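For reference, the structure discussed in these notes is given below.
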Amino acid sequence: MQAGVSNAANIPELRRRILFTLFMLAVYRAGVQIPTPGINGEALTQFFAQSGGTLFDMFNMFSGGALENFSIFALGIMPYISASIIFQLLTVVVPQLEALSKEGQAGRHKITQYTRYATVVLSLVQGLFISIGLESMTAPGTGAMVVIEPGLSFRLMTMLTLTSGTAFIMWLGEQMTERGIGNGISLIIFAGIVARMPAAIVNTFKMAGAGEIHYIMLPILLVMMGAIIAFIIFFETAQRRIPIQYAKRMVGRKMYGGQQSHLPLKVNMAGVIPPIFASSIMMFPATIGQFIQIDWVQQMSAALSWGSVPHTLLFVGFIVFFCFFYTAVTFNPVDVAENLKKNGGFVPGIRPGKKTADFIDKIMVRLTVIGAVYVSLICVLPTILINELHVPFYFGGTALLIVVGVAIDTMSQIESHTVMRNYDGFMKSGGMKGRR
C-alpha cells in the first residue's frame, strides 16, 4: 500500500487531482460549520435533542452534520439527487429528453443544465417549508423560539441561503468529478458520513456508560461491522466474466487476432446509487410531516416513519427498482453486442448480433437480481440495529455501503491512472481485482 501511494504521488496529474479533491472536500466541511442567519442555535440544539431520532439521524448523515448546526448546507446534496432521479425517469418516458440523451456529450450537457434548474426549484420549495416549520418550533422546557425574528424576511433569507448552499455543493461535486478523482457527489456524501463517524463512536460509548447499550454488545457490534464490510467488499468486486473469442484476420502477409478475452459484468452494476436514490425519495413524507401540522399529513408521515413495515417495504421496493433502472441506463447489451461484432469478437457457442445481446441481457438480469437482494439486505440492516440494539445510525448498512462503495470506486480510479502510466497499481498485490 505504501509503495502504491508513493507511485500515485509521483504522477503530477494524479497528484493534482487528488489534492484538488481534498481541497474541495475541505471547503465543503468548512461550509458545514457556517450557521444560517436568524436562528437561535441553543434553542435549535435543545429542540433536536428532545425530538431527535432516526429521521433526524438520516437527514444529518446525508448532510454531513449540517442539519444539526442548521448551516448554509443544511439541505445537503439531496435536492440535486432528487432532480437527477426526476430527469433520469423523464428521459425514459419523454421523447424529447430521450432524443437529447442520444445526442452524445452535447445532449447530456443539456440534460445536466435542466437538472441544475430543477435543483434550484426543489431547494427553494424545501427551503420555504423548512422556514415555515422552524417558525413554529420552540426549545423544550425554556420555550425559547428557534427563529429569532419570524416573518417574511426570515423565510426569504432562509430560502435564499439554503438554495445557495445546495447550488454551491452541486458545483463542488461537479468540479471534483471533472477536475478531481472519483465521483464528486458520492464523495461529498462519503465525506459527511466519515466526518460524523468519530462522534458516533463516542456516542456509542456514552450510551454504553449510561446503560442504554450493554458493554457486551460493543465487541459484537465491532465484529458485525467487520463482517458487513467484508461482505460489501466481496459483492462490490464480484464479477461474472463472459469469455470472448476474436476471429483471426489476415492483414497483408500477417495473421492478426484469434486471441481470447473476457467481458467483465459486475454483480452490483448500479453501485451505491440505488440506496442514495431510495433514501432521497423516502425522506419526502418524513420531511412534510416534520414541518406541516395537518392531521392527514401527520398520519401519512407516521405510517411511513423510519423503521415501520410500510417504510421498509417501500424502501426495498425503490432499491430494487433503481438497481434495475440504473443498470439499464448505464449498460446496453445491444451496443455491447454490436461493438463485439464490429471488432470480430463473439461469445463461444453464441451467434453474433441479436443472440449475443439476448445472452448478455439474460446474464445481466440474473446478476441484477442478486445485486438488488444484496443491496436490500445491507440497507435494511440499519432498521434492525437501531430498533433492536439502539446503536447510532452511522453504523448501519446504508452508511457502510456508501463509505466502502465510494472508497472502492475512488481507489479503482486512482489505480487506473497509475496503470495507464506503467505503474504496478495502487495495491501492492496487484490492485482491485474482480472476483469470478
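Laboratory data are not the source of any read-out in this text; all were calculated from the coordinates shown. Predicted, not measured: the structure shown is a model, and the values here were computed from it. With ideal geometry, Cβ positions are generated from the backbone for all residues, glycine too; neighbour counts draw on all protein chains shown.
Quick notes on this one:
- Each peptide among 66-77, 115-126 gets the average number of other Cβ atoms lying within 10 Å of its residues, and from highest to lowest they stand as 66-77, 115-126.
- Between the amide H of L263 and those of I242, I244, distances stay under 5 Å, these residues lying 5 or more places away or on another chain, with hydrogens modeled in the peptide plane.
- Applying 1/(1 + (r/R0)^6) with r as the Cβ-Cβ distance of I148 and A199 and R0 = 22 angstrom yields a FRET efficiency of 0.25.
- Exposure proxy shown here: for D409, D295, D335, D358, the number of other Cβ atoms within 10 Å sets the order, fewest to most, as D295, D335, D358, D409.
- As a rough footprinting exposure proxy, the listed residues R196, R179 were ranked by other beta carbons within 10 Å of their own, and the order from fewest upward is R179, R196.
- Over all pairs of different C-alpha atoms, the range 106-167 has a mean inverse distance whose reciprocal, the Kirkwood radius, equals 13.1 Å.
- Sorting V94, V316 from the fewest to the most surrounding beta carbons within 10 angstrom yields V94, V316.
- Per-pair calculated FRET efficiency, R0 = 25 Å: A230 and A208 via Cβ, rounded to 0.05: 0.55
- Residues whose amide H comes within less than 5 Å of that of A238, counting only those at least five positions distant or on another chain, are V267, R435 (H built at 1.01 Å from N in the peptide plane).
- The GluC sites (Glu not before Pro) of the range 177-236 that meet both conditions, a loop assignment by DSSP and at most 15 other Cβ atoms within 10 Å of the site Cβ, are E212.
- In this calculation the C-beta distance from E338 to L218 is compared with R0 = 60 Å, giving a FRET efficiency of 0.65.
- Summing charges over neighbours of E135, with a neighbour being any other residue whose Cβ is under 15 Å away from its Cβ, gives 0 when K and R count +1 and D and E count -1.
- Packing here is the average count of other Cβ atoms within 10 Å per residue, and on that basis the peptides 186-194, 363-371, highest first, run 186-194, 363-371.
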